[in-house]
1. Take A:Asp227 and decide whether it is of a type in the set (Asp, Glu), within 12 Å of chain B (Cβ to nearest Cβ) and surrounded by 17 or more Cβ atoms within 10 Å (Cβ to Cβ).
2. Go over the candidates B:Lys286, B:Lys319, B:Lys279 one by one and state the one that is among the basic types (Lys, Arg), within 7 Å of chain A (Cβ to nearest Cβ) and surrounded by fewer than 22 Cβ atoms within 10 Å (Cβ to Cβ).
3. Mind checking which pairs have a first residue in the stretch B:256-275 that is more than 11 Å from every other protein chain (Cβ to nearest Cβ) and a second that is within 12 Å of ligand 1 (Cβ to nearest atom) and of a type in the set (Asp, Glu), Cβ under 8 Å, 6 or more apart or different chains?
4. Can you say whether A:Lys199 is closer than 26 Å to A:Pro66 by Cβ, away from ligand 2 (no atom under 16 Å from the Cβ) and without any contact (Cβ under 8 Å) to a residue 40 or more places away in the chain, as far as the supplied structure shows?
5. Here are some conditions: (1) at pLDDT 95 or above; (2) part of a loop (DSSP other than H, G, I, E, B). A:Gly158 meets all but one. Which one does it not meet?
Amino acid sequence: MSLRIVVCVKYVPDAAGDRQFAEDLTTDREAVDGLLSELDEYAVEQALQIADEADDAEITVLTVGPEDAKDALRKALSMGADKAVHVEDDDLHGTDALGTSFVLAKAIEKTGYDLVVCGMASTDGTMGVLPAMLAERLGVPQVTLLSEVAVADGKVTGRRDGDVATEQLEAQLPAVVSVTDQSGEARYPSFKGIMAAKKKPVESLDLDDLDIEADEVGLEGAWTVVDEAAERPARSAGTVVKDEGEGGKQLAEYLAGQKFL
Amino acid sequence: MAEVLVLVDHVDGAVRKPTLELLTLARRIGDPVAVHLGPNAAEAAKTLGEYGATRVLARDAAEFADYLVVPKVDALQAAYDAVSPAAVLVPSSTEGKEIAARLAVRIGSGIITDAVDLEAGDEGPVTTQSVFAAAYTTKSRVTKGTPVVTVKPNAVAPEAAAAAGAVEELAVSFGESASGTKVVSRTPRESTGRPELTEAAIVVSGGRGVNGAENFPVIEALADALGAAVGASRAAVDAGWYPHSHQVGQTGKTVSPQLYIAAGISGAIQHRAGMQTSKTIVAVNKDSEAPIFDLVDYGVVGDLFAVVPQLTEEVKTRKG
Ligand SMILES: Cc1cc2nc3c(=O)[nH]c(=O)nc-3n(C[C@H](O)[C@H](O)[C@H](O)COP(=O)(O)OP(=O)(O)OC[C@H]3O[C@@H](n4cnc5c(N)ncnc54)[C@H](O)[C@@H]3O)c2cc1C
Ligand SMILES: Nc1ncnc2c1ncn2[C@@H]1O[C@H](COP(=O)(O)O)[C@@H](O)[C@H]1O
């Protein structure tokens with residue numbers, strides 16, 4: 001039987017750009033070019049490696065996001081995923097983490113899955129909570145924040161380098177995993193991959209297709225609200241000296257002046 | 001007064017500092033009730049009481065160590081059901097965020113992660129967050145359900161405020177999903193004897209400029225002279241020069257110390273994301289154009305192998 005892998009990928013504003021908030025205090029997705037979250041490339045990479053090890057596997061990449069989020073799906077397809085699902089609906093604008101996990105869970109159930117692979121966090125929201133929320137909603141084990149992952153005999157195993165300990169984890173499929181940026185460099189799409197991706201199917205789903213009401217998601221349905229967003233005041237220009245042989249001593253003098261010594 | 005649940009972060013009953021910060025913040029919106037999962041609740045309760053916990057709901061069970069995350073969610077939910085709190089505060093550790101996330105789904109409440117401050121507001125607690133690699137500061141609220149908030153270390157200075165800290169046994173029945181993810185083995189991280197990175201008042205970090213694992217003692221020596229924690233950039237970690245648990249930045253730790261010293265670090269956006277809110281920033285870099293200099297209060301353009309050892313010697317002399 002084929003191993004059905006769903007990889008959740010997010011389309012995010014490029015961190016190298018000048019990221020901003022829109023007037024309604026949602027993330028401005030116009031000001032800065034978007035791309036496949038770099039941290040989700042690691043998820044695609046691990047899914048590809050797991051699929052390589054399996055007798056038979058199919059990888060679906062899934063995103064919830066605006067029209068342009070197709071770019072993220074294309075990139076994942078060009079890396080080697082088999083097909084894509086794009087959940088897109090105007091009513092999704094402003095959906096928060098709980099809402100997104102609700103929509104993703106519905107889409108994952110509709111697609112069918114044995115293994116869900118996520119990144120460790122999105123590079124814009126940086127919450128790192130969706131994989132746990134998905135596991136809770138789907139009612140399957142979470143095997144998260146893995147720097148190493150493998151699937152065999154209907155089980156997923158992995159290594160989690162936590163704050164205080166390194167843990168070896170194990171769970172039965174179906175399961176939700178997330179992988180860190182320590183899990184191994186993501187491959188670059190090959191020319192062949194990029195060409196092949198153009199022919200791979202991308203299914204579009206809207207809220208109706210997932211039996212979700214408009215008021216369950218979006219800004220209206222959100223469980224949280226951002227009341228204020230202020231640009232952090234620029235740090236006042238500091239003193240920069242060139243080391244002419246006394247740089248360390250000058251630095252010590254500064255630190256003493258600031259009462260650190 | 002309303003009660004506020006605070007999930008305790010501890011090592012075998014030794015309460016970690018971020019929990020004291022949570023108790024301090026919790027007092028702004030109600031009476032803190034601590035939830036202690038694991039051994040040595042009585043010992044922990046002394047500290048928790050000193051910092052304002054009126055009650056300590058305690059439960060020890062093998063499940064907490066044997067299975068990942070979910071047993072603690074079951075327990076926190078049991079506490080939630082027992083207390084009907086005004087808010088639930090959880091430390092923003094990787095595990096803390098996952099526990100909070102699952103609790104939020106279960107109780108149908110909004111969740112805010114990585115708060116750096118929290119105040120009482122007319123419509124419930126108002127949290128402050130630092131977003132887009134600390135380029136923006138936002139204020140947010142939970143609008144549905146009981147606010148579940150994870151709080152970053154160093155959000156506030158812990159303030160003592162004696163309270164009863166009475167230990168009560170928390171009844172928990174573990175659900176089927178509690179044993180879903182088995183912890184097959186656990187290797188505790190070896191203690192370096194230095195302060196915890198996220199809790200330290202001073203952090204000294206080294207980057208690619210340190211140029212080899214064999215040179216990191218230069219960074220460590222300065223850290224030890226200052227009583228500081230040691231950090232590293234991802235470039236240094238990826239090169240295998242320093243353990244990943246010391247990485248500062250977007251995919252490492254966020255630090256917000258009184259003093260951050262960056263040596264041989266260029267200051268890429270992903271690194272800045274983890275240190276930009278430090279009170280005082282100092283850098284040593286041989287490239288005067290390095291972006292880290294845009295952030296510094298004091299910078300030295302020079303070779304770190306000359307500047308850092310000289311600084312270390314000077315610190316030692318001055319500290320006597
Ligand atoms: C998704 C994602 C997540 C990331 N997460 C993180 C993260 O969590 N943390 C992080 O740090 N990075 C992270 N990065 C990587 C980040 O983009 C940079 O590549 C990294 O921070 C560079 O590390 P560095 O400053 O040590 O190295 P470099 O950028 O190579 O800079 C080295 C600096 O050392 C200076 N130097 C060299 N020799 C000396 C000397 N002898 N004396 C003084 N100065 C010297 C050089 O002038 C240079 O400025 C992430 C990237 C991505 C895409
Ligand atoms: N809109 C989205 N569409 C698909 N996957 C997502 C979306 N948002 C988050 N994810 C997944 O959840 C992970 C953690 O995201 P977060 O909790 O938002 O930091 C990401 O690395 C993705 O794998």
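The values are calculated or read from the model by the stated rules, or taken from the named source; none is laboratory data. Note that the coordinates shown come from a computational prediction; the quantities given were computed from them, not determined experimentally. We place every Cβ from the backbone using ideal geometry, glycine too, and count neighbours over all the protein chains shown.
1. No.
2. So the residue among B:Lys286, B:Lys319, B:Lys279 that is among the basic types (Lys, Arg), within 7 Å of chain A (Cβ to nearest Cβ) and surrounded by fewer than 22 Cβ atoms within 10 Å (Cβ to Cβ) is B:Lys319.
3. B:Ser266/B:Asp287
4. yes
5. Every listed condition holds for A:Gly158 apart from (2).
Residue by residue, here is whether (1) surrounded by 24 or more Cβ atoms within 10 Å (Cβ to Cβ); (2) more than 9 Å from every other protein chain (Cβ to nearest Cβ); (3) in contact (Cβ under 8 Å) with a residue 40 or more places away in the chain; (4) in a strand (DSSP E or B) holds:
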| site | (1), (2), (3), (4) |
| --- | --- |
| A:Arg137 | no, no, no, no |
| A:Val140 | no, no, no, no |
| A:Ala150 | no, yes, yes, yes |
| A:Glu170 | no, no, no, yes |
| A:Arg187 | no, yes, yes, no |
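Conditions (1) β-branched (Val, Ile, Thr); (2) under 22 Å from B:Gly299 (Cβ atoms); (3) without any contact (Cβ under 8 Å) to a residue 24 or more places away in the chain; (4) in the same structural domain as B:Ala306 (by TED's automatic domain parsing), marked per residue:
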{"position": "B:Val210", "(1), (2), (3), (4)": "yes, yes, no, yes"}
{"position": "B:Ala213", "(1), (2), (3), (4)": "no, no, no, yes"}
{"position": "B:Ile219", "(1), (2), (3), (4)": "yes, yes, no, yes"}
{"position": "B:Ala225", "(1), (2), (3), (4)": "no, yes, no, yes"}
{"position": "B:Ala229", "(1), (2), (3), (4)": "no, yes, no, yes"}
{"position": "B:Ser233", "(1), (2), (3), (4)": "no, yes, no, yes"}
{"position": "B:Gly240", "(1), (2), (3), (4)": "no, no, no, yes"}
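Every residue, every condition in (1) surrounded by fewer than 20 Cβ atoms within 10 Å (Cβ to Cβ); (2) at pLDDT 95 or above, yes or no:
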residue	(1), (2)
B:Ser130	no, no
B:Lys144	yes, yes
B:Val151	no, yes
B:Gly165	no, yes
B:Phe174	yes, yes
B:Gly180	no, yes
